[in-house]
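The values are calculated or read from the model by the stated rules, or taken from the named source; none is laboratory data. Since we're looking at a predicted model, the values are computed, not measured. Cβ: placed from backbone, ideal geometry, glycine included. Neighbour counts: every protein chain shown.
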Amino acid sequence: MSNVFIAFQTNEESRCIIDAIIQDNPNATINEQPAMIKIDVPDSLTIKRSTVEEKMGRAFDLQELQIHLITISGHLDESDEEFTLSWKQ
Amino acid sequence: MQIDLRTVSIKPLRYTFDHIAKRIGADKPASRYLEGTMDIQAVTNFHYRPLWDPKHTIFDTSRTAIKMKDWYALKDPRQFYYGTYTMARARMQEAADSNFDFVEDRGLADKFPAAAAKLALEVLLPLRHLEWGGNMNNMYICAYGYGTAITQPCNYQAMDHLGMAQYITRLGLVLGKDDSLQIAKSAWLDGAMWQELRHYIEDTFVMKDWFELFVANNLVLDGLLYPLVYQHIDKVLDDLGGPAVSLMTQFQSEWFVESVKWVDACIKVSVAESDENKAQLSAWAKAWRDRAIKTLLPLAKHALGTDAESIMESVVGEFNSRAAKLGLVL
Amino acid sequence: MDMRVKKKLGIKERYTVMTRDLGWETTFQPMDDVFPYDKFEGIKIHDWDKWEDPFRLTMDAYWKYQAEKERKLYAIIDAFNQNNGHLGVTDARYINTLKLFLTGVSPLEYMAHRGFAHTGRQMRGVGPRVACQMQSLDEIRHIQTQIHSISNYNKYYNGFHDFTHMHSRLWYLSVPRSFFDDAITAGPFEYMVAIGFAFEYVLTNLLFVPFVSGAAYNGDMAATTFGFSAQSDEARHMTLGLECIKFMLEQDPDNLPIVQRWIDKWTWRGIRVLMLVGTMMDYMLPKRVMSWKEAWEIYFEQNGGALFNDLARYGIKVPKCAEQAGIDKEHITHQTWAALYQYGAATDFHTWIPNPEELDWLSAKYPNTFDKYYRPRLEHWAEEAKKGNRFYTKTLPQLCQVCQVPMFFTEPDDPTKISYRESDFKEEKYHFCSDPCKEIFDHEPEKYVQAWLPTHQVFQGNCFTEEADPAAPGFDPLAELLKYYHFNNGRDNMDFEGSEDQKNFAAWRNESVKN
């Protein structure tokens, strides 16, 4: 079982995205570093647009997370509603 | 009362990089455009010949018949480096988005008269493929051209063409039905009105000289097509049905005016460089212009009816004046 | 993109209509003439339509999000410049990492821009072309934001002033230069594996996360900002590289051995380039983030492990060189720094012996190797320097024909023995630092014999300015070479101790805190 991960710059808006990730991915581990937050999840990680919108208090297009994104690991699948990273076995 | 804000002032050792100072003098700072553009392409000591083109080195001035003492004389008057380019386009994108929202929120597409909508879809939608051709050609120049001064803006030009292909597609989705894009693609592939134009662009796909490609696509084709479509045909659609279509093509209209500044600067400087360049560029421009006029006539006739000939004459006349100002002899 | 249009079509269909539907099969010109380069490598593609678009970004979204990133980035660069941000770094030795970066890495971003323009035109499938084109655009972003961020350092410190000129000439910079020349002169599919996959996916975190974290740890706001900002583009690049591999492997089983060979070659060539980054991490950062050994373990052995586990279903194996790299991780940075230190008269940045606290950090991070093989030599050099005999080698090293690193690497099973390999080709003998480099050569000798090896070129007399006159009395070859390199001799090179950078930084910092 391998981890996928995603890392964001530390700022106001990414905080909401990260809160959303924690809510929807109970197995997530958070790793805080200078100016960066890295989230590891075994096998698969999903970011849901509706959860991010709830945290942010405004409309949010998942593609907007590119502004804050630092790096990822895993196969990416995106739809209008979900952004998923996973390792297939 | 004046408040003087100060930060600690320490004296710099130099204003800019040496290769820039050689060009502008060592006594002043350089713009971000210059620092991000001038001399950043390797020119010597290449390690291997391309497997895919062993007759040339990786970057090679002999990939074109045009000769320049300094390829960095072909500066972009818009001074686009990545930052200013994306910010300029983001502003245009915001306006375009707002226009599309306006059209949709007020149901202007549905209100657009059927005859006008039919004409708009027929003349505009297949152009998304021609835009894709412009994308391919400008990537070619970006890949094989010489000197960042001209290769950089060709990357931007290529992505602009992709963006405009996408705006036309979006127009098709808003104004048309589920099969409108497919009908337009069939017209592009088989329709009588489009075959000369498709032939033109496919011939450019196999050209080797990247500067000739610049002339054929960026100077001539765009120089005739854009005024024809986004000025004259646009007016017809506006007269027939109101501004809904113009709103959705505003990006292209604005873009053309801006890109002309750049294309003109490149041609003017390369023509002025030498009699040989002038002769070669003029020969190319003339040949491709004559061909382009033939390819655009069917489209003009379909959209403009009896006014087609006179409008084409005026479009060509303006192109010729523009070319003359650049020093071309057509 | 408005919501109504969005609701008509799902993201995948919408993206298809916005990209691959734009292309068509040409009839007036044969497709093979329109795309002349995508078949000669022997990669078999039966259905370009099976390409899965990574990160489905339309141009309007690209412009919008990238412009926002640029606005934020330049606001920070401006603030940094206005406030003499360079005085906020831990100490002036840090600034030397940026010299290495600007002369060694930034020009590679430019090559990537041109290389992805090439694949962005030559790949037959529209989907991959669009992704490559966006990467080409991103890469010019990277070189320009790097130049712009580092431009302020150029105003106050030495070594930054002629980076493109140096990248094409210096004896250690042909390591990165030849790496990218090799990639861009390969066919388009090999290029995608070399850069898109091996560099941008397998190895990218080894370059960026330590380097950018290093900037953050050492108070360099400008570099941290451009680093993190560039990284979000890198996420898109990674997905492109990974998709490329999957696509090739799913199209035809015959592609597997070709792709595997490329993965082996390029992972190795990439590791050799990265040893400059590793050395920077272990020796040049006053406040260290982690050791090269640790970075290798996290980003290659663990993350890379997860990746290769995933790719195993296609028959892909972990690159052969991984084993040697695993042994090398405890040695190469020490060996590299030793070389850079002793050749410090000809480096475009300062070098120095780490202080005792830093030596202890190295001992702790490298318990198996540092005290046994490397500390004694460094301490000896420190002693010599104290006596006024700072050691400089006055000659130039032999380079490996393939990776072009000087031949100071040792045998995997004996760190006291220099590793030499050789091959004969057309009655000439060629030299390599290792088995993987020799194997790369033996597979394509006609390519690698062309290399412009800097030190060999110097000895052939090709690295002097027009004014240089070897017959003149008092001719000093090293000084003349440095003129060819465009060095400000005595300011850009030599030890950090006593350098202009050191003096200026101290004086300016003093000025900013005293009255």
Positions within the range C:77-123 being assigned to a loop (DSSP other than H, G, I, E, B) and over 13 Å from C:Y191 (Cβ atoms), in sequence order:
C:N83, C:N84, C:V89, C:T90, C:D91, C:V105
Consider the range C:205-240. How many of its residues are within 7 Å of chain A (Cβ to nearest Cβ) and acidic (D, E)?
1
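Rundown of residues vs (1) out of contact with any helix residue (DSSP H, G or I) (no Cβ under 8 Å at 6 or more places or on another chain); (2) farther than 22 Å from C:P454 by Cα, yes/no style:
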site	(1), (2)
C:A92	no, yes
C:H118	no, yes
C:K155	yes, yes
C:G159	no, no
Output the residues belonging to the range B:61-71 that are under 16 Å from B:A143 (Cβ atoms) and crowded, with 16+ Cβ neighbours inside 10 Å.
B:R63, B:T64, B:W71
Over the range B:50-73, the set of residues in contact with a helix residue (DSSP H, G or I) (Cβ under 6 Å, 6 or more places away or on another chain) and polar (S, T, N, Q) is B:T64
Within the range A:79-89, the count of residues that are at pLDDT below 90 and more than 7 Å from chain C (Cβ to nearest Cβ) comes to 1
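Yes/no per residue for (1) under 21 Å from C:Y65 (Cβ atoms); (2) within 13 Å of chain C (Cβ to nearest Cβ); (3) touching a Lys or Arg at 6+ places or on another chain (Cβ under 7 Å):
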site	(1), (2), (3)
A:V4	no, yes, no
A:A7	yes, yes, yes
A:P34	no, yes, no
A:V41	no, yes, no
A:R49	yes, yes, no
Number of the condition not met by C:L207 [criteria: (1) of a type outside the set (S, T, Y); (2) modelled with pLDDT of 95 or more; (3) in a helix (DSSP H, G or I)]
(2)
Among A:E78, A:E54, which is surrounded by fewer than 17 Cβ atoms within 10 Å (Cβ to Cβ) and among the charged types (D, E, K, R)?
A:E54
Checking C:F40 against (1) of a type outside the set (G, A, S); (2) assigned by TED's automatic domain parsing to the domain that holds C:Y341; (3) over 30 Å from C:G10 (Cα atoms); (4) at pLDDT 95 or above, the condition it does not meet
(2)
Which ones in the range C:138-159 are surrounded by 24 or more Cβ atoms within 10 Å (Cβ to Cβ), in contact (Cβ under 8 Å) with a residue 60 or more places away in the chain and facing chain B (nearest Cβ under 7 Å)?
C:R141
Being more than 9 Å from chain C (Cβ to nearest Cβ) and not hydrophobic (A, V, I, L, M, F, W, C) is the filter; apply it to the range B:146-155 and report the residue that is surrounded by the most Cβ atoms within 10 Å (Cβ to Cβ).
B:P153
What's the total number of residues in the range C:322-337 that are outside any helix (DSSP H, G or I) and under 15 Å from C:C437 (Cβ atoms)?
0
Can you find even one residue in the range C:262-269 that is part of a loop (DSSP other than H, G, I, E, B), surrounded by fewer than 23 Cβ atoms within 10 Å (Cβ to Cβ) and not β-branched (V, I, T)?
no
Let me confirm something: among C:G304, C:G278, which residue is within 14 Å of chain A (Cβ to nearest Cβ), crowded, with 21+ Cβ neighbours inside 10 Å and part of a helix (DSSP H, G or I)?
C:G304
Determine which single condition C:D53 fails, assuming it passes every other condition in (1) facing chain B (nearest Cβ under 9 Å); (2) in contact with a Ser or Thr (Cβ under 9 Å, 6 or more places away or on another chain); (3) not small (G, A, S).
(1)
Selection status of C:L57, surrounded by 18 or more Cβ atoms within 10 Å (Cβ to Cβ) and assigned to a helix (DSSP H, G or I)
no
So, in the range C:475-502, how many residues would count as being of a type outside the set (S, T, Y) and within 12 Å of another protein chain (Cβ to nearest Cβ)?
7
What residue, among those in the range B:282-294 that are surrounded by fewer than 20 Cβ atoms within 10 Å (Cβ to Cβ) and in contact (Cβ under 8 Å) with a residue 24 or more places away in the chain, is nearest to B:H232 (Cα to Cα)?
B:I293
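Listed here are the residues, each with its yes/no results for (1) within 8 Å of another protein chain (Cβ to nearest Cβ); (2) at positive phi; (3) surrounded by fewer than 17 Cβ atoms within 10 Å (Cβ to Cβ); (4) not polar (S, T, N, Q).
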site: B:L162; (1), (2), (3), (4): yes, no, no, yes
site: B:Y167; (1), (2), (3), (4): yes, no, no, yes
site: B:D178; (1), (2), (3), (4): no, no, yes, yes
site: B:K185; (1), (2), (3), (4): yes, no, no, yes
site: B:W188; (1), (2), (3), (4): yes, no, no, yes
site: B:L197; (1), (2), (3), (4): no, no, no, yes
site: B:D203; (1), (2), (3), (4): yes, no, yes, yes
site: B:K208; (1), (2), (3), (4): no, no, yes, yes
Let me spell it out: the conditions are (1) farther than 14 Å from B:Y82 by Cβ; (2) within 9 Å of another protein chain (Cβ to nearest Cβ); (3) of a type in the set (F, W, Y), and C:Y110 meets all of them except one. Which number is the exception?
(1)
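Considering only chain A, give the strands (runs of 3 or more DSSP E) lying wholly within it that have at least 1 residues that are of a type in the set (D, E). Spell out how you get there, then give the answer.
Working: elements: A:3-9, A:29-33, A:36-42, A:44-48, A:69-73, A:75-78, A:82-86.
Per the criteria, A:29-33, A:36-42, A:75-78, A:82-86.
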Restricting the search to the range C:307-321, which residues are assigned to a helix (DSSP H, G or I) and under 16 Å from C:W268 (Cα atoms)?
C:F308
Looking at C:H161 and the list (1) part of a helix (DSSP H, G or I); (2) more than 23 Å from C:C244 (Cα to Cα), which single condition is not satisfied?
(1)
Turns out the helices (runs of 4 or more DSSP H) fully within the range B:235-330 with at least 3 residues that are of a type in the set (D, E, K, R) and within 28 Å of B:P77 (Cα to Cα) are B:250-273, B:275-304, B:308-325
